[in-house]
Each structure stands twice: as structure tokens, then as C-alpha cells.
Amino acid sequence: MVGNTSSFALSELSSDPSTARPRQCYKTRQCTENLRHWLPSFFSVMWPPKAFCLASVLWPAAAQAYIWPNPAYDTLEDYYTVSSGFGDSGGIVDEVTPCSLSPASGSTPGRQNAAEWLRTAYHDMATYDSTTGLGGLDGSITFETDRPENIGTAFNTTALFFAPLSTNRVSFSDTLALGVILAIKNCAGPNIPFRPGRIDATEAGPPGVPQPQESLETHIAEFARQGFNATEMIALVACGHTLGGIHQIDFPQSVQGAITNDNPEGVVHFDDTFDVYDNHIATQYLNNSSVDQLIVGFNSATNSDAAIFASDGNQTMREFAESNDAFLSRCGDLLERMLNTVPSSVQLGDVMEPLPVKPYQLSLFFNATGGLELSGYIRIFGTSAEAAAANPANMPVQLVWTDRHGTTSPGYSTTGVGSDFLEATSIFGSVQFFSVDAFIDPSAGISSFVVDWAYDMQSALTTADNGGGGFPLQDVVLFQHAGSCHGAVNQNSTINTVIRNDMGAVSSAYVDYSYSTNQEGSIAFKYVTIRAELVHTGNSPSPLYDTYTATFVANDGFLTLDASIVSYDLTAVVGGTTYQSLDNPQLFTPC
Ligand code: HEM
């Protein structure tokens with residue numbers, strides 16, 4: 001499923017002009033300037049984006065531990081960590097479970113999502129030019145699907161699955177790389193580290209994907225351009241052609257007689273375990289039982305796997321056939337390089353790991369009866385035997401928060417032990433979600449919290465403090481579901497907020513509204529952000545807050561009520577300090 005993926009980012013900002021964004025940066029292929037020197041101030045500047053450049057996203061790097069919140073990182077980390085059940089906001093693993101699953105929930109016989117994603121990632125990367133540093137895994141494939149080198153529906157199907165997982169902050173190419181990593185792991189393949197930070201192209205790149213009818217010399221030259229030597233070429237082709245197969249409907253020059261009623265696209269798999277990421281592509285090649293139509297096909301002119309695999313006297317294939325572990329290890333390394341082949345000006349973040357304790361969909365708002373409510377979930381993830389054995393009904397999980405005056409609440413438990421947990425799974429370990437539904441005294445407010453938790457009632461509580469400073473929450477500018485609604489194309493949308501009135505004058509308040517729209521020449525979306533002023537409209541449920549409302553029309557492209565592709569960032573300058581509430585929940589309420 002594609003659902004509401006946003007976690008809440010509630011951040012206090014300074015208004016120091018020295019941290020102002022260097023220059024407007026639009027999301028173009030050229031827009032790859034290195035902004036990392038500026039990035040640490042992401043949450044402490046105001047900037048006037050009409051379209052965001054994804055280079056502006058702050059990716060945790062080794063020197064800077066992850067600090068919640070980080071909207072782009074949080075969304076990808078959700079996709080990465082939660083594989084099914086509650087909080088499975090990406091639905092990626094479901095789409096490749098079992099590994100043989102075909103598109104449209106298994107209703108397209110002979111096709112295989114996992115194989116199509118891997119092939120798509122390779123074709124996206126394959127136009128990389130290592131001499132210029134241009135191209136690589138940058139989503140340009142979404143502009144290139146009508147090329148002869150990109151035959152078949154796999155690319156469109158893949159793009160249509162991943163495009164809705166991208167956001168104004170998360171690139172299509174990051175979701176594709178992440179999807180390939182999860183798919184390969186789920187098909188019994190190697191663990192491939194995921195590093196976020198890819199930036200999407202806004203136009204097609206040059207052609208250059210290898211094709212079966214080309215000569216060995218051409219293939220060697222193409223892989224060299226991509227940054228892989230002749231031996232690595234042999235290995236990488238085997239690492240790709242262990243999943244899936246070739247379809248007669250798309251490659252009749254290589255496959256004959258395979259189309260039947262049960263096999264309408266005429267797939268012939270590359271090996272006998274097309275749905276297991278293993279070394280059978282090598283063992284079958286060497287023991288002459290291969291059915292790979294690029295090895296034993298009737299048309300010797302397109303038997304490219306045969307030419308490639310034999311090009312080092314079968315040495316690489318022998319190594320693969322001798323040891324599945326060696327195959328997995330080598331493929332893990334090569335596929336990691338393939339997925340991390342990005343334009344030279346793109347700098348990827350550090351390897352992502354599931355976060356042990358993480359807030360999910362946390363929001364602070366005035367409810368229908370006027371109470372200031374903190375609502376959402378705390379996610380606990382672990383890889384230990386203790387984590388696997390834990391019964392969430394017996395796990396104490398408590399929030400202890402600090403109010404706006406620095407006073408700590410006395411061991412205030414907000415998660416209901418024994419009832420308020422939600423089932424979820426992860427292919428990396430064990431994961432549980434616990435509901436938060438707490439009331440905050442508006443006059444005391446809230447500035448941060450820590451989570452005290454344990455795997456059972458008997459154990460001492462562990463404190464998760466988000467790198468030392470606690471999980472920050474600002475209570476100054478708050479999104480209000482009540483009174484907010486989502487307009488259709490050319491109709492008004494309304495965003496309702498409350499802003500504290502005891503902290504000085506509100507000199508500026510606005511909403512940045514991001515939505516997806518068609519992108520000329522591509523089957524993926526682009527994101528547009530428009531800004532609307534938040535206007536003071538009166539009192540709120542609390543004497544400490546006033547209501548501010550923005551009403552606007554978004555008429556560029558298509559708007560949709562699909563919750564996954566719009567988001568709202570709120571900004572208010574109050575008493576000279578800038579406060580933001582980022583990535584607010586998408587609105588299901590139509591106007
Ligand atoms: C000289 C290099 C290569 C050539 C000529 C080549 C050619 C092909 C062809 C003709 C197909 C059949 C597509 C279809 O019928 O749907 C195919 C499938 C596939 N290729 Fe390659 N390929 C090459 C390298 C690679 C590499 C390096 C990878 C990934 C690392 C890869 C991954 C795949 C996968 C996973 C499939 C199966 C797709 C499916 O079942 O839908 N290929 N390849």
C-alpha cells in the first residue's frame with residue numbers, strides 16, 4: 001500500500017541571516033552543486049523555494065549522528081525498516097513477497113517485480129559516463145522508456161510503483177535503489193548497504209545501455225564507461241541474470257516458441273531458481289544445463305551472456321559456481337557500486353541503519369474538546385534474541401517530557417502498556433509500535449521528550465534521548481486538522497493552524513504546500529511547492545493560541561486526494577524567532 005509516510009518534523013529555527021541559503025536551487029540535472037556546507041542549517045533558515053532541490057536535504061553523515069526529526073531521512077528510514085503491518089508506509093517488501101511475485105499483485109504471469117526493479121536500476125545507471133561524471137542512478141530512466149535499448153514494460157511498471165513513494169524531499173532514484181536492496185535481500189540475496197541522497201534528473205540522459213546483439217568489445221567498452229572493468233562486467237551480468245528471465249514478446253530475435261496460454265509473454269528464465277538470488281546462473285552455465293536464452297538461444301548473434309561469461313576463460317563463473325557465498329559477497333559489492341554510481345557532484349549520505357527508537361506520525365494539536373493533544377506512535381526496533389522474543393504487551397514504553405520552561409514531567413507514561421501496540425514486521429529485525437495519546441497543559445507546553453522503555457516489565461528501563469538532547473518538539477506553530485481541507489484542481493484548499501500569542505508579534509507566517517504534477521517527457525512526477533500566507537483569523541481553543549488560516553488554489557498540473565503525494569510545511573516568525581512544523585499529515589478531508 002501507499003500511505004501516509006510522513007513523520008512530523010517540529011523544529012525551532014533561528015532567524016540568523018548568516019545562515020541564509022546561498023542561492024535558489026532548482027531541481028535540474030545541473031542542480032548538483034555541493035550544498036553540504038550549508039546543510040547543517042537546514043532547520044535553522046528560512047528559504048523561498050518554489051521547487052526544492054533535493055541537494056538541500058540533510059543526510060546524516062559519520063561526523064553528525066542522526067537527530068530526529070529529519071523529514072527526508074525519516075521517510076526513507078520508514079520504507080527501509082518496516083516491511084509489513086502497521087507503519088509499512090512504502091509497501092516495498094510486500095511487492096516482492098514472494099520473490100517471484102509479478103506486478104499488479106501477482107496477476108501478470110511470467111513477470112517478476114524483483115527482477116524488473118533490478119533491471120530498471122541497471123538500465124538507469126548504465127548510461128553513466130565515468131570520464132565526465134555525468135549520469136548514473138538519477139531516475140533519468142523515467143524519461144527514456146521509449147528507447148530501443150529499454151524494451152519492455154518493466155521500466156514503466158517499476159517507475160509507476162516507485163514514483164508515488166518519492167516526495168518533495170525524497171528522490172525517485174533513492175526509492176528505486178532502496179527497493180532493489182530490499183528486493184534482493186528478500187530473495188535470499190546479500191545485504192547491500194543503502195546510502196540515501198540521490199538526486200533525480202529532470203531530462204533524459206544520453207543512450208548507452210548494452211544490448212544483446214552488440215559485440216563483446218562493445219560490451220567491454222560500455223561497462224568501462226560505466227566504471228566497471230572486463231572482469232567486473234562478467235560478474236555484474238551474472239549478478240543481474242540470476243533473477244527473472246527473457247521474454248519472447250519483447251525479444252523475439254532471441255526467444256522462440258515460449259508463448260503459451262499459461263506463459264503469455266513467453267518468459268524463459270535465466271536459471272532454474274529465477275526467484276532465488278543464488279549462483280545457479282553460474283553452475284548451470286558450467287554444467288551445460290543452462291536454459292538462459294542469452295547463452296543457448298537459437299540466435300547466436302544475441303547470445304551475449306555466453307560471450308561475456310566465457311571472456312575470461314570462465315574463471316569468474318568457476319569462482320561463482322564453487323561457492324554461493326562467494327557469489328553473494330561479490331554481487332553485494334558490485335551491486336552496491338552500481339547503485340551508488342551517481343553524478344559526481346552528488347554526495348551520498350552515510351549507510352542507513354534502522355533506528356532503535358523513533359517517533360512516527362507524531363503531532364501536537366488542539367482536539368475537538370479543546371485539549372492540547374500529543375498523538376502518534378513510538379517505534380522500537382531491535383535485532384537481538386531478546387527483541388525477537390519480546391511480547392509487546394509486556395513492554396513498558398513511556399514518554400518523559402520537558403516543558404517549555406525546562407521542567408521535566410514526573411515519569412509521565414503516555415503509552416498504554418498491554419493494549420496500545422500495533423503489529424509490524426521488519427526483514428532486519430523485530431519492530432513494534434506503541435501509541436502515544438497524551439495531553440499537554442498549554443501554559444506549561446512541551447519542548448522535548450525522552451523515551452524510557454524495556455523489553456519486559458522486569459528489566460531496567462533504557463532511555464532513548466535522540467543523541468543526548470531529547471526528541472525536540474515545538475509548541476509554537478501547530479497544524480490543525482480541524483478546519484483544514486484539501487481542494488480538487490482549481491478549487492480552494494484551506495490550511496488551519498494555531499500560533500502561540502504569548503511570545504511576541506507574529507511578523508511572518510506561511511504554508512509551503514507541495515504537490516506532485518506531471519513531468520513532461522517522464523512517467524514519474526515532479527513536485528511543486530507553492531507558498532500561501534497564513535492570515536490571522538481569530539481565537540483558538542486556548543487563550544494562549546490564535547488561529548491563522550491560509551486559503552489557496554493549486555492549479556498547476558494535477559492534484560489528488562492520494563495522501564502520499566502532498567505535504568504541508570508551516571513556518572512562523574514569532575517574536576523574531578522562526579519556528580517550523582514540517583511534513584504535516586496529508587489531508588484526507590476534501591473541501
Ligand atoms: C551486456 C549486458 C546486458 C545485456 C545485453 C542484458 C540483456 C538483457 C535482456 C535482453 C533481458 C531480457 C529482458 C526481458 O525480456 O524482459 C535482460 C533481463 C534482465 N537483466 Fe540484463 N542485460 C545485461 C546486463 C545486466 C546487468 C548488469 C543487470 C543487473 C546487474 C541485469 C539485470 C537483468 C535482470 C534482473 C533481468 C530480468 C528482467 C525480468 O525478468 O523482467 N542485466 N537482460
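The values are calculated or read from the model by the stated rules, or taken from the named source; none is laboratory data. All figures in this text were calculated on a predicted structure; none of them were measured in a lab. Using ideal geometry, Cβ is built from the backbone for each residue, glycine included, and neighbour counts are taken over all protein chains shown. Ligands, DNA and RNA are stripped out before the accessible areas are found, and what is left, the full protein with its side chains, is counted by its heavy atoms. Shrake-Rupley method; radii C 1.70, N 1.55, O 1.52, S 1.80 Å.
Against the condition open to solvent by less than 40 Å² (accessible area, probe 1.4 Å) and touching a Leu at 6+ places or on another chain (Cβ under 7 Å), how does ILE234 come out, does it pass? Against the criterion (open to solvent by less than 40 Å² (accessible area, probe 1.4 Å) and touching a Leu at 6+ places or on another chain (Cβ under 7 Å)), ILE234 does not qualify. One residue stands out in segment 214-231 among those that are buried (at least 16 other Cβ atoms within 10 Å of the Cβ), of a type outside the set (A, V, I, L, M, F, W, C) and more than 10 Å from the ligand (Cβ to nearest atom): the one that is nearest to ALA326 (Cα to Cα), namely GLY227.
Test of understanding: among GLN432, GLN361, which residue is on the phi > 0 side of the Ramachandran plot, under 22 Å from the mean Cα position of the chain (by Cα) and buried (at least 19 other Cβ atoms within 10 Å of the Cβ)?
One residue alone meets the criteria, GLN361.
Which of the residues that make up segment 140-166 are within 15 Å of the ligand (Cβ to nearest atom), charged (D, E, K, R) and open to solvent by 40 Å² or more (accessible area, probe 1.4 Å)? ARG147 - this is the single residue of segment 140-166 that is within 15 Å of the ligand (Cβ to nearest atom), charged (D, E, K, R) and open to solvent by 40 Å² or more (accessible area, probe 1.4 Å). Scanning segment 274-283 for residues that are in the same structural domain as ALA301 (by TED's automatic domain parsing), of a type in the set (Gly, Ala, Ser), near the ligand (Cβ under 10 Å from one of its atoms) and surrounded by 21 or more Cβ atoms within 10 Å (Cβ to Cβ) turns up nothing.
Kindly indicate whether ILE181 is crowded, with 24+ Cβ neighbours inside 10 Å, within 19 Å of HIS241 (Cα to Cα) and away from the ligand (no atom under 12 Å from the Cβ). When the stated conditions are applied, ILE181 passes them.
Scan segment 517-530 and tell me whether some residue there is within 14 Å of LEU372 (Cα to Cα) and open to solvent by 20 Å² or more (accessible area, probe 1.4 Å). No: segment 517-530 contains no residue that is within 14 Å of LEU372 (Cα to Cα) and open to solvent by 20 Å² or more (accessible area, probe 1.4 Å).
In this structure, does ASP138 turn out to be over 20 Å from PRO210 (Cα atoms) and assigned to a loop (DSSP other than H, G, I, E, B)?
On the way: over 20 Å from PRO210 (Cα atoms): no; assigned to a loop (DSSP other than H, G, I, E, B): yes.
The answer is no for ASP138.
Condition test on SER430, is it modelled with pLDDT under 90, in the same structural domain as THR369 (by TED's automatic domain parsing) and not basic (Lys, Arg)? Let's see the steps before the verdict.
Values: modelled with pLDDT under 90: no; in the same structural domain as THR369 (by TED's automatic domain parsing): yes; not basic (Lys, Arg): yes.
The answer is no for SER430.
Being over 12 Å from ALA126 (Cβ atoms) and either out of contact with any Phe, Trp or Tyr (no Cβ under 6 Å at 6 or more places or on another chain) or without any contact (Cβ under 8 Å) to a residue 60 or more places away in the chain (or both) is the filter here; which residues of segment 204-213 pass it? The answer is PRO212, GLN213. Number of residues in segment 476-495 that are within 28 Å of ASP403 (Cα to Cα) and within 28 Å of the chain's Cα centre (by Cα): the value is 7.
For THR127, indicate whether it is touching a residue at least 12 places away in the same chain (Cβ under 8 Å), within 27 Å of PRO190 (Cβ to Cβ) and either assigned to a helix (DSSP H, G or I) or near the ligand (Cβ under 8 Å from one of its atoms) (or both). Here the answer is no, as THR127 does not meet what is asked.
Condition check: away from the ligand (no atom under 16 Å from the Cβ) and in a helix (DSSP H, G or I). Does ALA72 satisfy that?
Values: away from the ligand (no atom under 16 Å from the Cβ): yes; in a helix (DSSP H, G or I): yes.
Yes.
The residues listed here are GLY297, GLY382; of these, the one that is touching a Pro at 6+ places or on another chain (Cβ under 8 Å) and crowded, with 19+ Cβ neighbours inside 10 Å is GLY382. Residues in segment 169-178 that are open to solvent by less than 10 Å² (accessible area, probe 1.4 Å) and over 17 Å from ASP88 (Cβ atoms): SER171, PHE172, SER173, ASP174, LEU176, ALA177.
Suppose we filter PRO472, PRO442 for residues that are in contact with a Ser or Thr (Cβ under 8 Å, 6 or more places away or on another chain), over 30 Å from THR383 (Cβ atoms) and open to solvent by 10 Å² or more (accessible area, probe 1.4 Å); which single one remains?
Working: PRO472 fails: over 30 Å from THR383 (Cβ atoms).
Of PRO472, PRO442, the one residue that is in contact with a Ser or Thr (Cβ under 8 Å, 6 or more places away or on another chain), over 30 Å from THR383 (Cβ atoms) and open to solvent by 10 Å² or more (accessible area, probe 1.4 Å) is PRO442.
Has segment 130-139 got any residue that is open to solvent by less than 30 Å² (accessible area, probe 1.4 Å), away from the ligand (no atom under 16 Å from the Cβ) and out of contact with any helix residue (DSSP H, G or I) (no Cβ under 9 Å at 6 or more places or on another chain)? The answer is yes, given that some residue of segment 130-139 is open to solvent by less than 30 Å² (accessible area, probe 1.4 Å), away from the ligand (no atom under 16 Å from the Cβ) and out of contact with any helix residue (DSSP H, G or I) (no Cβ under 9 Å at 6 or more places or on another chain). A search for C-beta distances below 7 Å between a residue of segment 241-256 that is under 13 Å from ILE295 (Cα atoms) and within 6 Å of the ligand (Cβ to nearest atom) and any residue that is in a loop (DSSP other than H, G, I, E, B) and open to solvent by less than 50 Å² (accessible area, probe 1.4 Å), counting only pairs 6+ apart in sequence or on different chains, returns HIS241/PHE270; HIS241/ASP292; GLY245/PHE270; GLY245/PHE274; ILE246/SER254; ILE246/VAL255; ILE246/GLN293; ILE246/LEU294. Figure legend. Inter-residue proximity from segment 152-170: first residues at negative phi and small (Gly, Ala, Ser), second residues away from the ligand (no atom under 12 Å from the Cβ) and modelled with pLDDT under 90, beta-carbon distance below 6 Å, spacing 6+ or different chains. Indicated pairs: ALA159/ILE523; ALA159/ALA524; ALA163/ALA524; ALA163/PHE525. More than 10 Å from the ligand (Cβ to nearest atom), outside any helix (DSSP H, G or I) and open to solvent by less than 30 Å² (accessible area, probe 1.4 Å), is that true of ASP262? So ASP262 does not fit the description; no. Condition first: farther than 19 Å from GLN248 by Cα, surrounded by fewer than 22 Cβ atoms within 10 Å (Cβ to Cβ) and of a type in the set (Asp, Glu). Can you find one or more residues in segment 116-124 that meet it? Scanning segment 116-124, I find no residue that is farther than 19 Å from GLN248 by Cα, surrounded by fewer than 22 Cβ atoms within 10 Å (Cβ to Cβ) and of a type in the set (Asp, Glu), so the answer is no. Looking for something outside any loop (DSSP other than H, G, I, E, B), open to solvent by 50 Å² or more (accessible area, probe 1.4 Å) and within 16 Å of the ligand (Cβ to nearest atom) - is there at least one such residue anywhere in segment 320-332? Scanning segment 320-332 turns up at least one residue that is outside any loop (DSSP other than H, G, I, E, B), open to solvent by 50 Å² or more (accessible area, probe 1.4 Å) and within 16 Å of the ligand (Cβ to nearest atom).
In segment 86-99, the condition of being assigned to a loop (DSSP other than H, G, I, E, B), away from the ligand (no atom under 16 Å from the Cβ), open to solvent by less than 40 Å² (accessible area, probe 1.4 Å) and in contact with a Lys or Arg (Cβ under 7 Å, 6 or more places away or on another chain) is met by at least one residue.
Can you find a residue that is more than 25 Å from the chain's Cα centre (by Cα), buried (at least 21 other Cβ atoms within 10 Å of the Cβ) and modelled with pLDDT of 90 or more anywhere in segment 399-421? Break it down into steps so the answer makes sense when it comes.
Here is the first cut: in segment 399-421, the ones more than 25 Å from the chain's Cα centre (by Cα) are 399-420.
Checking the rest, the ones that are also buried (at least 21 other Cβ atoms within 10 Å of the Cβ) come to 399, 401, 414-415.
Okay, now just the ones that are also modelled with pLDDT of 90 or more, so 399, 401.
Looking for residues that are more than 25 Å from the chain's Cα centre (by Cα), buried (at least 21 other Cβ atoms within 10 Å of the Cβ) and modelled with pLDDT of 90 or more, one finds at least one in segment 399-421, hence yes.
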